[in-house]
Amino acid sequence: MNILETKGLYHDFSGLEVLFNINFQVEEGERHAVIGPNGAGKTTLFNVITGTYTPRRGKVFFKNKEITGAKPHRLARIGMGRSFQITSTFSRLTTFQNLRMGILSKRGIRFNLFRKLDKMKTITNETDEVLKRINLDGERDIPASLLSYGKHRSLEVSLAMSTDPELVMLDEPTAGMSKDETHTAVELIRRLTEGKTMVIIEHDMDVIFSLADRITVLHLGEILAVGTPNEIRENQAVKDAYLGEMEEE
Amino acid sequence: MRDKLYKWIPWVVLFIVLIIYPHVAGIYYTNFFVRFAIYALFAVSLNLLLGYMGVLSFGHAMFFGTGAYMTAIVLTHIEGFPLLPAVLVGGVTGGVLALILSPLLVRVSGTAFAMLTLAFGQLIFVAALKFREVTGGEDGVGGYPIPPLSIPGIISIDMKDQVSFYYFAVVVVAICLYILWYYTKTPFGSLIVGIRDNAMRVSYLGFKLSHTKAINLIVSGVFAGIAGAIFALFQNLVSTIGVLDIGNCFLPLLMAYIGGIGSFFGPIVGSAVLHVLEFLVIRFTERIGLVNGVIFIVVVLFAPMGLVGLLRMVKERWFTRSANQMSTGTSS
């Protein structure tokens, strides 16, 4: 069953067409990678699906319900989480306070004005558990902006997972990381997304081929190919447009 | 247990000081304190937007002013209107105004928010000036009866007595400040801080931005309105210049910045500093704004987190230094 599906999606920025007839499908439980050269429209596709933009034409379905143009908070509430290419945490809040925000949302605590947050033991305990699981318990009370790059990126991904979404969309979670950091991050992602559906944008081919069940290749705003990692590796059109260029580098 | 006891000591001392203050200080200083308390509440309500949500309001006097006006008008036209409802009328008016403006204000932030609040503030200022039949124009509304604080059949305290009014004002302001402090500690309060840091992420985590911002705006408006209502009861005169003018928009801003927008208590300290300053400066010159402005520039340049922020920094350095000294002392 498809958990996420787009039908004939178009998007443009002041006439510049960025997405062109995108029919994108993600099956429930799979790890799906979106790859493509810079400017292929990967992040725009994410933005159109997760409610940052409303597509010019076409429809988006999540769990068989139409969600075209739905606002981010609504999507988060029905089980879609996302992380960002440019780290987007609460920079002045501590690691603990960052994740607590997600836990509050997960528990549906939005307009509680009658209890002190510090006194809500279940929230505190659950947040501390999450911190342990992602190996950030040593940085519990440090402002997010002071975390090392790798740890800050881990927090970014963990924040997307903190609301316990069914589908999580990760936008280049390992961008700018060293080899070691990338390795740690991939393990973290694998662990956190266990039993969930994940869509991931990546440039690092090692990460993609080790993590993804299926790959969609975007090129100049169109879907060039969809398939398993092996199928994509062998696909001539993909080689010409993208992989060949990567290998030459 | 002992720690808890120590924590209470400053509050008990403060409580006792507040009780004996009017009997020691005399009427002039008693009224001086009431003014400080009113503006402390006003500045704290502004800081819910400025320090907590991260938006700069250039028109906060509209909530204070409409609250003050409505209390004055109600007391003028309704005979025997009781005291506490008169205060509530001010709060409700400030809140309703915030509610009316919220559909526009929650959509913007940054400069646009500052300009929009400035525009609405001035709009209401001019409207109050022109709507002479109700607001009295430049003369304002004055001379209305100040109702006593009464519980029918049990007690009736005359609020024209300045010492009694001092106690009333201090209690109301203290209760309001406690409510606001508690508010900032709730899950909702933490959401507001999240919006300041990264509004987009707050919405991607499943919180509806517009509603959250609107509620904070309304809470801020309600308490600014209550401050205005106490002001109306205190002065027995409400006029546009004084409650709705641009000076009254900037005063709480100065207080918040000088005291420190990063702390709940900062604006209270700011109100105290500006009031004491005014008291000292007025002996030499009437140009208080000039002195306030210079202080503001100095604070922004050298202590951008305000006096409370400066105090925290000094305290931290002091602790690290004495900790270092202790460790070198033991090692040598």
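Any read-out appearing in this document is the output of simple, stated calculations on the displayed coordinates, not a laboratory observation. Not measured: the values here are computed from a predicted model. Virtual Cβ from ideal backbone geometry, glycine too; neighbours counted across all protein chains shown.
Cross-link partners among lysines for A:Lys116, C-alpha distance below 23 Å, same-chain residues fewer than 8 apart left out?
A:Lys106, B:Lys4, B:Lys7, B:Lys185, B:Lys208, B:Lys213
Provide, as a two-decimal number, the C-alpha radius of gyration of chain A over 2.2 N^0.38 Å, N being how many residues it has. All intermediate terms of the calculation are to be shown ahead of the outcome.
On the way: Rg = 18.5 Å, N = 249, 2.2 N^0.38 = 17.9 Å.
So the Cα radius of gyration is 1.03 times the expected 2.2 N^0.38 Å.
Write down the Kirkwood hydrodynamic radius of the stretch A:1-123, to one decimal in angstroms, obtained as one divided by the mean of 1/r over all alpha carbon pairs.
Numbers: mean 1/r = 0.0603 Å⁻¹.
The Cα-based Kirkwood calculation yields 16.6 Å.
Shielding by partners for B:208-215, please: the mean number of other protein chain Cβ atoms within 10 Å of each residue's Cβ.
3
In whole Hz, what ³J(HN,Hα) sequence does the stretch A:65-77 give by Karplus (6.51, -1.76, 1.60; θ = phi - 60°), x for Gly and Pro?
My calculation for the stretch A:65-77 gives 10, 6, 10, 3, x, 5, 6, x, 5, 5, 5, 4, 5 Hz in order.
Report the FRET efficiency, 1/(1 + (r/R0)^6), for B:Arg321 and B:Val13, where r is their Cβ-Cβ distance and R0 is 22 Å, rounded to 0.05.
Details: r = 28 Å, r/R0 = 1.28.
For R0 = 22 Å, the calculated efficiency reads 0.20.
Taking springs between alpha-carbon atoms closer than 10 angstrom, which of B:Pro148, B:Pro22, B:Pro187 fluctuates most in the Gaussian network model of chain B?
Result for chain B, Cα springs under 10 Å: B:Pro187 fluctuates most.
List the residues whose amide H sits under 5 Å from the amide H of A:Leu218, counting only those 5 or more places along or on another chain, with H placed 1.01 Å from N in the peptide plane.
Placed amide hydrogens put A:Ile35, A:Gly36, A:Leu224 under 5 Å from A:Leu218.
Please report Rg (one decimal) and Dmax (integer) in Å for the Cα set of the stretch B:1-123.
Looking at the stretch B:1-123, its Cα Rg and Dmax stand at 18.8, 55 Å.
Distances over 27 Å make up what percent of all Cα-Cα pairs in chain B? Walk me through the numbers on the way to the answer.
Values: 26512 of 54946 pairs.
More than 27 Å apart: 48 percent of the Cα pairs in chain B.
What value in Å³ per residue do you get for the convex hull of the alpha-carbon atoms in the protein assembly as shown? Numbers along the way, then the final one.
Numbers: hull volume 129.0 nm³, N = 581.
Value for the protein assembly as shown: 222 Å³ per residue.
What FRET efficiency comes out for the pair A:Phe61/A:Leu146, r = Cβ-Cβ distance, R0 = 45 Å, nearest 0.05?
Working: r = 41 Å, r/R0 = 0.91.
That gives a FRET efficiency of 0.65.
Give me the tail of P(r) for the stretch B:234-275 as a percent: Cα-Cα pairs with distance above 15 Å.
Values: 409 of 861 pairs.
When every Cα pair of the stretch B:234-275 is considered, 48 percent fall beyond 15 Å.
Could you tell me the relative contact order of the stretch B:2-307? Use alpha-carbon pairs under 8 Å, at least six residues apart, and round to a whole percent. Walk me through the intermediate numbers first.
On the way: 482 pairs, mean separation 99.3, N = 306.
Dividing the mean separation by the residue count of the stretch B:2-307 yields 32 percent.
Let me make sure I get this right: for the stretch A:55-177, a, b and c are the square roots of the gyration tensor eigenvalues over alpha carbons, sorted descending. Under 1.5 in a/c it's rounded, otherwise prolate if a/b > b/c, else oblate. Which is it?
Values: a/c = 2.29, a/b = 1.30, b/c = 1.76.
Oblate, because a/c is 1.5 or more while a/b does not exceed b/c.
Could you work out how far apart the two model spin labels at A:Lys116 and A:Asn2 are, taking each label as a point 7 Å from the Cα in the direction of the beta carbon, and quote it in nm?
5.2
Please give the Cα centre distance for the stretch B:265-326 versus the stretch B:97-166, rounded to the nearest Å.
Taking the Cα centre of each part, the stretch B:265-326 and the stretch B:97-166 sit 29 Å apart.
With a ≥ b ≥ c taken as the square roots of the eigenvalues of the C-alpha gyration tensor of the stretch B:48-182, please select rounded if a/c is under 1.5 and otherwise prolate if a/b is larger than b/c or oblate if it is not? Let's see the in-between values first.
Values: a/c = 2.70, a/b = 1.49, b/c = 1.81.
It comes out oblate by the Cα gyration axes.
Over what distance in Å are the Cα centres of the stretch A:99-114 and the stretch A:223-239 separated?
A separation of 43 Å, based on Cα centres.
How shielded is A:103-113 by partner chains, expressed as the average number of their Cβ atoms within 10 Å of its Cβ atoms? Can you show the working numbers first?
Details: counts 1, 8, 7, 2, 1, 1, 6, 8, 9, 6, 9.
Per residue, the average neighbour count from other chains is 5.
Quick one: length gained pulling B:Glu278 to B:Ile157 fully straight, 0.36 nm per residue minus the C-alpha distance? Spell out each step's value before the answer.
Values: separation 121, 0.36 × 121 = 43.56 nm, distance 3.15 nm.
Contour length minus the Cα-Cα distance gives 40.4 nm.
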